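The values are calculated or read from the model by the stated rules, or taken from the named source; none is laboratory data. The shown structure was predicted, so the numbers you read here are calculated from the model rather than taken from an experiment. Cβ atoms come from the backbone with ideal geometry, glycine included; neighbour counts cover every protein chain shown.
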Amino acid sequence: MARRSTKTPPPDDSYEEKILDIDVVDEMRGSYLEYAYSVIYSRALPDARDGLKPVHRRIVYQMNEMGLRPERAYVKCARVVGEVMGKLHPHGDASIYDALVRMAQPFSMRVPLVDGHGNFGSLGNDDPPAAMRYTECRMAAAASLMTESIDEDTVDFAPNYDGQEQEPVALPAAFPNLLVNGSSGIAVGMATNMAPHNLREVIAAARHLIRHPNADLDALMRHVPGPDLPTGGRIVGLDGIRDAYATGRGSFKMRATVAIEAVTARRKGLVVTELPFAVGPEKVIAKIKDLVNAKKIQGIADVKDLTDREHGLRLVIEIKNGFVPEAILEQLYKLTPMEESFGINNVALVDGQPLTLGLKELLEVYLDHRFDVVRRRSEFRRTKRRDRLHLVEGLLTALVDIDEVIRVIRSSENSAQAKERLMERYGLSDIQTQYILDTPLRRLTKYDRIELEAEKDRLNQEIEELTRILDSDAELRKLVSGELAEVAKKFGSDRRTVLLESAASQVATVPLQVADDPCRVLLSSTALLARTTGAEPLSREGGRVKHDVIVSSVPATARGEIGAVTSSGRLLRINVVDLPQLPDTANAPNLSGGAPLAEFVSLEGDETVVCLTTLDETSPGLAIGTEQGVVKRVLPDYPSNKDELEVISLREGDRIVGAVELRTGEEDLVFISDDAQLLRYQASQVRQQGRPAGGVAGIKLTEGAKVISFTAVDPAVDAVVFTVAGSRGTLDDSVQTTAKLTPFDQFPRKGRATGGVRCQRFLKGEDCLALAWAGPAPARAAQKTGLPVELPEPDPRRDGSGTSLAKTVSVVAGPVV
């Protein structure tokens, strides 16, 4: 079977083939340049006159056309996006809505142009905005300034993408929007990145340039020292800002605003209230967690985002105890977005051409635009007033001889004849005559004539004023300057961003961790714990703490440990670095800056802390006295691998009433029982025992009596004994009757486990001691609340009766030595 031929048939003679040889390089260059120009001019770069890209300009203009002014109700953003896309912007709805959202974000725009209602996103876009079908918007008050007098032939209009609508080439812009709100965009082969500024400062610089057209950069920078970011923060280093203002290119560093605060009773923290421009808290938190997990940064315990709509941004970075917050802050500046660089690249369109502009050039372009707008507006208004004056003059001419005018009209065959006869009779123009014919008879009263004459005078005055502005460049400049001043007065706000010349790094001078310096740990009668600076004993005069007394004090080091002895015979370890540090105020610390004891130790039931102790195994050890009269000197053996130790085995129903760390082992141990017996003997009479031991007999108690005080007193110092008598039936503070202060040397030493001597004689209604204490003078007394109580004068009689107190005593202690 023969195969059919597959050859291409010869071309028809009537078809003439045309082939053009084009260099592909030229074609690519031309097409690419056309595309690049389209991106630069129509999408990515702002116009230097109004500071808006086409999409932003179309949104503001269309909202103005829709009547969405600040005093009107909100409408759905989807409606605005649809109007803009259908009439002016031939691109997707997503890009239009993104632009609209940005103009409504107070953390993106220094002066927002859109008033949004709903979720318009969060700082750093951590929480994206809601869909446009949910959010609502209207023009912000500042947007009204952008479109002000746009209907007075102030700017040129051009056809839209399909030629069916007209859109402005630039908005009138009653304030320098490009400098105030900044801009960013990436075009083809170029980009722009402009920082926001303070409205008052920019307008002040513009007005200065109006008055002094030859002003140099230094003069302008006295008004505009640097950017003013919507999110506040700090700008570190101003050299890059000056470069940007001079050449249009430069950079500066933005830092978060951070305060060091006590975020808990035990920890300090870095509280971030302002972040660098376009940086959100989620980004910072994620970076910090990555650094902590990678062990590139130490000392951070937790990061919490406490931001809310009422209080604004609040990012809390908790610092571990033992680390210096200032040093960690420096590391965070280096390693996280808490410090960012902003590269200024002032590229904007001037007469359709992208140019890099400095501060003065930007202001000059804006002012030239504003001069043109005000000039065109004045010309438009003068023309309107001249046209109106022409009509008013014609109507006044008719009113002078109104009867004849009416006769002429009535005697005419038609309106055309009437118009022609009036023009010929009174020398009126066609427009004036037509206006007279269209005027209703009710406008021909005597009162209306008075109104017309007043209107004529007003129009002549306004035309004269507008003519003076148009004929005088000085008047034009004065008007523009005055209008800018009004804008600054109405819409200006205080600067948010702090400008710093430099910020020297503190890493070299501030160590990361707290130094293991000597200190003292204090426990107050109201159960507050704190540490001081320095290990030197506080003076006797410095032992007084406002509204409190110090009941226990031990030397330590900032990174060391101490022990807290409880009434149930436990010793609990406490890290000194966890304790708040008190300022050194004339050697008299105020423990109101301390933290509650419960923050550091866990106590059970009615268990209390009776004293603090060092964990020094070279010391003479602890001396302990119990309610049932047992005494024990504890062998200083404290294993470092245990946070809780037993220091005495207590009998059933017994409890520790006092404990003290001996310093020399030569102190006198002092027991005071509730039946007013005091026993004093040397500590050397009690041999040391291991921690599990139960102690030995310390004082011989009568039947029903119990120990209420146990202390250790250095016989070489001046000491006193303080006792308060009460009733055994009710031993609360309200039934205390008398108190006695006795010199310690009035009480002789006795043997261990003896009964001692009487320390106070009971009066009628008294049968026991409610409170007793022996220690170095002068004694300090306080109520339960910590308020001070004045004590009686010393009584040399060891078994004398007491004197009445003005206030009830709850605790007594001596000076901190």
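Inside region 244-269, residues that are touching a Leu at 6+ places or on another chain (Cβ under 6 Å) and crowded, with 19+ Cβ neighbours inside 10 Å make up a count of 4. Of all residues in region 634-663 being under 54 Å from the mean Cα position of the chain (by Cα) and polar (S, T, N, Q), which is farthest from Arg797 (Cα to Cα)? Going through the qualifying residues, I end up with Asn641. Restricted to region 75-185, the set of helices (runs of 4 or more DSSP H) holding at least 3 residues that are within 23 Å of the chain's Cα centre (by Cα) and under 24 Å from Lys490 (Cα atoms) comprises 93-104.
Residues in region 186-210 that are within 30 Å of His223 (Cα to Cα), more than 33 Å from the chain's Cα centre (by Cα) and modelled with pLDDT under 95: Met190 only.
Residues that are surrounded by 19 or more Cβ atoms within 10 Å (Cβ to Cβ), under 17 Å from Ile550 (Cβ atoms) and within 49 Å of the chain's Cα centre (by Cα) do occur in region 787-810. Note on region 720-763: residues that are among the β-branched types (Val, Ile, Thr), part of a loop (DSSP other than H, G, I, E, B) and either over 56 Å from the mean Cα position of the chain (by Cα) or at pLDDT 90 or above (or both) total 1.
May I ask you to list the residues in region 440-470 that are under 18 Å from Leu391 (Cβ atoms) and acidic (Asp, Glu)? Scanning region 440-470 gives Asp448, Glu451, Glu453, Glu455, Asp457, Glu462. The residues listed here are Phe380, Phe342, Phe371; of these, the one that is of a type outside the set (A, V, I, L, M), surrounded by 15 or more Cβ atoms within 10 Å (Cβ to Cβ), farther than 29 Å from Met221 by Cβ and under 53 Å from the mean Cα position of the chain (by Cα) is Phe380. Under the condition of being within 30 Å of Lys807 (Cα to Cα), among the hydrophobic types (A, V, I, L, M, F, W, C) and under 60 Å from the mean Cα position of the chain (by Cα), which residue from region 676-710 is surrounded by the fewest Cβ atoms within 10 Å (Cβ to Cβ)? My answer is Ile708. Filtered by the rule that a residue be buried (at least 16 other Cβ atoms within 10 Å of the Cβ), in a helix (DSSP H, G or I) and either in contact (Cβ under 8 Å) with a residue 24 or more places away in the chain or charged (D, E, K, R) (or both), region 423-448 gives Tyr426, Gln432, Thr433, Tyr435, Ile436. Could you please find all residues in region 165-194 being out of contact with any helix residue (DSSP H, G or I) (no Cβ under 8 Å at 6 or more places or on another chain) and farther than 12 Å from Val347 by Cβ? If the condition is that a residue be out of contact with any helix residue (DSSP H, G or I) (no Cβ under 8 Å at 6 or more places or on another chain) and farther than 12 Å from Val347 by Cβ, then Gln166, Val169, Asn181, Gly182 are the ones that fit. Set side by side, the residues Val303, Val292 differ, and just one is within 17 Å of Val271 (Cα to Cα) and either aliphatic (A, V, I, L, M) or free of Cβ contacts under 8 Å to residues at least 24 places away in the same chain (or both), which is Val303. For region 491-529, the set of residues classified as at pLDDT 80 or above and within 20 Å of Gly322 (Cβ to Cβ) consists of Asp517, Pro518, Cys519, Arg520, Val521, Leu522, Leu529, listed by residue number. Looking only at region 387-395, decide whether some residue is among the β-branched types (Val, Ile, Thr), part of a helix (DSSP H, G or I) and closer than 30 Å to Ala195 by Cα. There is no residue in region 387-395 that is among the β-branched types (Val, Ile, Thr), part of a helix (DSSP H, G or I) and closer than 30 Å to Ala195 by Cα. Listed by position, the strands (runs of 3 or more DSSP E) enclosed by region 321-373 that each have at least 3 residues that are more than 30 Å from Ile285 (Cβ to Cβ) are 347-350, 353-356.
Set side by side, the residues Ala301, Ala286 differ, and just one is in a strand (DSSP E or B) and at pLDDT below 95, which is Ala301. Within region 236-245, none of the residues are touching a Pro at 6+ places or on another chain (Cβ under 9 Å), closer than 29 Å to Pro112 by Cβ, part of a helix (DSSP H, G or I) and among the charged types (D, E, K, R).
Applying the condition of being of a type in the set (Lys, Arg) and outside any helix (DSSP H, G or I) to region 208-235 and asking which residue is surrounded by the fewest Cβ atoms within 10 Å (Cβ to Cβ) yields Arg222. For region 304-319, filtering for residues that are farther than 14 Å from Glu261 by Cβ and touching a helix residue (DSSP H, G or I) at 6+ places or on another chain (Cβ under 9 Å) leaves 3. The set of residues from region 180-202 being in contact with a His (Cβ under 8 Å, 6 or more places away or on another chain) and closer than 19 Å to Ala99 by Cβ comprises Val180, Gly182. Every listed requirement among (1) in contact with a Leu (Cβ under 7 Å, 6 or more places away or on another chain); (2) farther than 22 Å from Thr785 by Cβ; (3) at pLDDT below 85 is met by Arg559 save one, (1).
Results for (1) hydrophobic (A, V, I, L, M, F, W, C); (2) surrounded by 17 or more Cβ atoms within 10 Å (Cβ to Cβ); (3) assigned by TED's automatic domain parsing to the domain that holds His369; (4) within 24 Å of the chain's Cα centre (by Cα), shown as yes or no for each residue.
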| residue | (1), (2), (3), (4) |
| --- | --- |
| Glu318 | no, yes, no, yes |
| Asn321 | no, yes, no, no |
| Val324 | yes, yes, no, yes |
| Glu330 | no, yes, no, yes |
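Filtered by the rule that a residue be small (Gly, Ala, Ser), assigned to a loop (DSSP other than H, G, I, E, B) and within 22 Å of Asp767 (Cα to Cα), region 781-817 gives Gly800, Gly802, Ala806, Ser810.
The requirement of being surrounded by 23 or more Cβ atoms within 10 Å (Cβ to Cβ) and either of a type outside the set (Asp, Glu) or within 26 Å of Pro794 (Cα to Cα) (or both) is not satisfied by Val713.
From the list Leu362, Leu399, Leu349, the lone residue that is in contact with a strand residue (DSSP E or B) (Cβ under 6 Å, 6 or more places away or on another chain) and either within 30 Å of Ile150 (Cβ to Cβ) or touching a residue at least 24 places away in the same chain (Cβ under 8 Å) (or both) is Leu349.
Can you find a residue in region 124-131 that is surrounded by 15 or more Cβ atoms within 10 Å (Cβ to Cβ) and among the polar types (S, T, N, Q)? The answer is yes; a qualifying residue exists.
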